[in-house]
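J.: Please read through the structure below; I'll follow up with questions.
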Amino acid sequence: MNGDLGLTSARTRTRMVERLRAQGISDEGVLSAMLDVPRHLFVEEGLASRAYDDTPLPLGFQQTISQPWVVARMIELLRSGPRQLGKTLEIGAGCGYQAAVLARLAPEVYAIERIAGLLARAKVNLRPLKAYNIRLKHGDGNLGLPEAAPFDTIIVAAAASRIPPALLQQLAPGGRLVAPIGGPGEQVLSVVDRNERGLSETRYDWVRFVPLLSGTE
Ligand code: SAH
């Protein structure tokens with residue numbers, strides 16, 4: 001018998017979603033997207049049995065896939081803004097998991113990753129999902145993606161002490177950005193809205209992210 005079968009099934013995903021609900025995630029759209037996306041396909045084979053635990057997991061290249069609660073919470077915060085997700089930009093595509101969840105909820109997803117080797121892996125991971133509304137880009141997310149801007153929503157999956165100004169510039173009127181802000185160690189999830197009066201910021205939960213770095217490799 002294949003020992004992984006039971007651990008990577010839809011039932012395991014249902015349990016993950018029930019746990020997210022118990023942890024306070026209430027956006028049914030987010031919960032149903034996370035029920036659909038097979039998270040075990042995004043982690044290394046040896047870790048598949050832990051893919052649905054509420055824990056970050058190593059991705060190689062000294063990076064980690066965010067824990068399910070963090071993915072859920074950030075997308076829930078984005079969706080509780082004045083608009084739908086619309087055209088969405090993700091900084092830090094990693095293994096592509098969060099992009100896959102976003103692609104169930106947004107018409108267009110652009111995901112930037114600075115490590116070419118990880119981006120190649122994300123491409124392979126996403127192929128079986130046939131998520132044709134995701135565009136993966138190799139680049140430095142600090143610069144955003146001027147050729148596709150403006151974005152209705154922007155999600156930053158790596159920590160910085162301040163939000164890169166290019167990302168704020170590329171946020172559409174009525175748009176919303178979510179990013180972990182702070183130094184190494186702990187950061188706070190910060191939500192920035194662009195409205196008629198300019199930019200406004202609200203802070204939410206404490207989180208732990210790998211740092212937002214500069215340049216590409
Ligand atoms: N969202 C990912 C996990 C993010 S981990 C997932 O679902 O798997 C953070 C990622 O941000 C890492 O892959 C890291 O390489 C990337 N990153 C860090 N700085 C970056 C930058 N300036 N531009 C693009 N990606 C960056």
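The values are calculated or read from the model by the stated rules, or taken from the named source; none is laboratory data. This structure is a prediction, so every number in the text was calculated from the model and none was measured. Using ideal geometry, Cβ is built from the backbone for each residue, glycine included, and neighbour counts are taken over all protein chains shown. Only protein heavy atoms, including side chains, enter the accessible area calculation; ligands, DNA and RNA are left aside. Shrake-Rupley method; radii C 1.70, N 1.55, O 1.52, S 1.80 Å.
J.: Charges on Cβ only, +1 for Lys and Arg, -1 for Asp and Glu, centred on the Cα centroid of the chain; of PRO38, GLY24, LEU78, which one is farthest towards the dipole's positive end?
T.: Checked the options; the winner is PRO38.
J.: Could you check the simple spin-label distance between SER32 and SER214, using points 7 Å along Cα→Cβ, in nm with one decimal?
T.: Label-label distance for SER32 and SER214, simple model: 4.5 nm.
J.: While we're looking at this one, here's another question. If you wrap a convex hull around the Cα atoms of the range 1-91, how much volume per residue is inside, in Å³?
T.: Taking only Cα atoms, the range 1-91 has a hull volume of 102 Å³ per residue.
J.: Under the Karplus relation 6.51 cos²θ - 1.76 cosθ + 1.60, θ = phi - 60°, what is the ordered set of whole-Hz ³J(HN,Hα) values for the range 9-16, x standing for Gly and Pro?
T.: Ordered by residue, 3J(HN,Hα) equals 7, 4, 5, 5, 5, 4, 5, 4 Hz.
J.: Another question, if that's okay. Multiply the residue gap between SER9 and GLN84 by 0.36 nm, knock off their C-alpha separation, and tell me the result in nm, one decimal place.
T.: Value of the extension gain: 24.0 nm.
J.: Measure out, as a whole number of angstrom, how far apart the alpha-carbon centroids of the range 27-74 and the range 149-217 sit.
T.: Measuring centre to centre over Cα atoms gives 21 Å.
J.: So how tilted is helix 68-79 from the main axis of the chain? Cα-based, degrees 0 to 90, rounded to 10.
T.: Result, in degrees: 40.
J.: Moving on. Using packing as a proxy for protection, rank 191-201, 169-179 so that the peptide with the highest average count of other Cβ atoms within 10 Å comes first.
T.: Sorting 191-201, 169-179 by mean packing, highest first, produces 169-179, 191-201.
J.: Among ALA158, ALA166, ALA99, which one shows the biggest mean-square fluctuation in a GNM of the chain, springs joining Cα atoms closer than 10 Å?
T.: Largest GNM mean-square fluctuation: ALA166.
J.: Continuing with this model, one more query. Considering only LEU118, ALA160, GLY182, whose Cα is most displaced toward the positive end of the charge dipole of the range 104-201, charges sitting on Cβ of Lys, Arg (+1) and Asp, Glu (-1)?
T.: Of LEU118, ALA160, GLY182, it is LEU118.
J.: Relative to the Cα centre, what is the charge dipole magnitude of the chain, using +1 at the beta carbon of each Lys and Arg, -1 at the beta carbon of each Asp and Glu, and rounding to the nearest 20 debye?
T.: 260
J.: Separate question: Quote the charge dipole size of the range 9-104 about the Cα centre in Debye, to the nearest 20; the model charges only the Cβ of Lys and Arg (+1) and of Asp and Glu (-1).
T.: Dipole size: approximately 200 debye.
J.: Using the heavy atoms of the protein chains and a 1.4 angstrom probe, tell me the accessible area per residue for the chain in square angstrom.
T.: Ligands and nucleic acids excluded, the figure is 46 Å² per residue.
J.: Determine the calculated [θ] at 222 nm for the chain from helices alone, applying -39500 (n - 2.57) to every DSSP H run no shorter than 4 residues and normalising by the residue count; nearest 500 deg cm²/dmol.
T.: Helices in the chain give a 222 nm mean residue ellipticity of -7500 deg cm²/dmol.
J.: Using the Kirkwood formula over every pair of different C-alpha atoms, what hydrodynamic radius in Å results for the chain?
T.: Taking every pair of different Cα atoms in the chain, averaging 1/r and inverting gives 17.2 Å.
J.: Leaving out ligands, DNA and RNA, and with a 1.4 Å probe, what % of the accessible surface on the range 92-198 is carbon or sulfur?
T.: Here carbon and sulfur together make up 54 percent of the probe-accessible area.
J.: Ranked highest first by average number of other Cβ atoms within 10 Å, how do 63-70, 86-93 line up?
T.: Top to bottom by mean Cβ count within 10 Å: 86-93, 63-70.
J.: Moving on to the next point. Below 19 Å, Cα to Cα, which lysines can LYS87 reach? Residues fewer than 8 away in the same chain don't count.
T.: Qualifying lysines at Cα under 19 Å: LYS130, LYS137.
J.: Given the C-alpha centroids of the range 123-147 and the range 81-113, what is the distance between them in whole angstrom?
T.: Answer, in whole Å: 9.
J.: Could you derive backbone 3J(HN,Hα) for the range 163-177 from the dihedral phi with the Karplus parameters 6.51, -1.76 and 1.60 (θ = phi - 60°), listing whole Hz in sequence and x where the residue is Gly or Pro?
T.: Going residue by residue, I get 6, x, x, 4, 5, 5, 5, 8, 8, 5, x, x, x, 9, 10 Hz, with x marking Gly and Pro.
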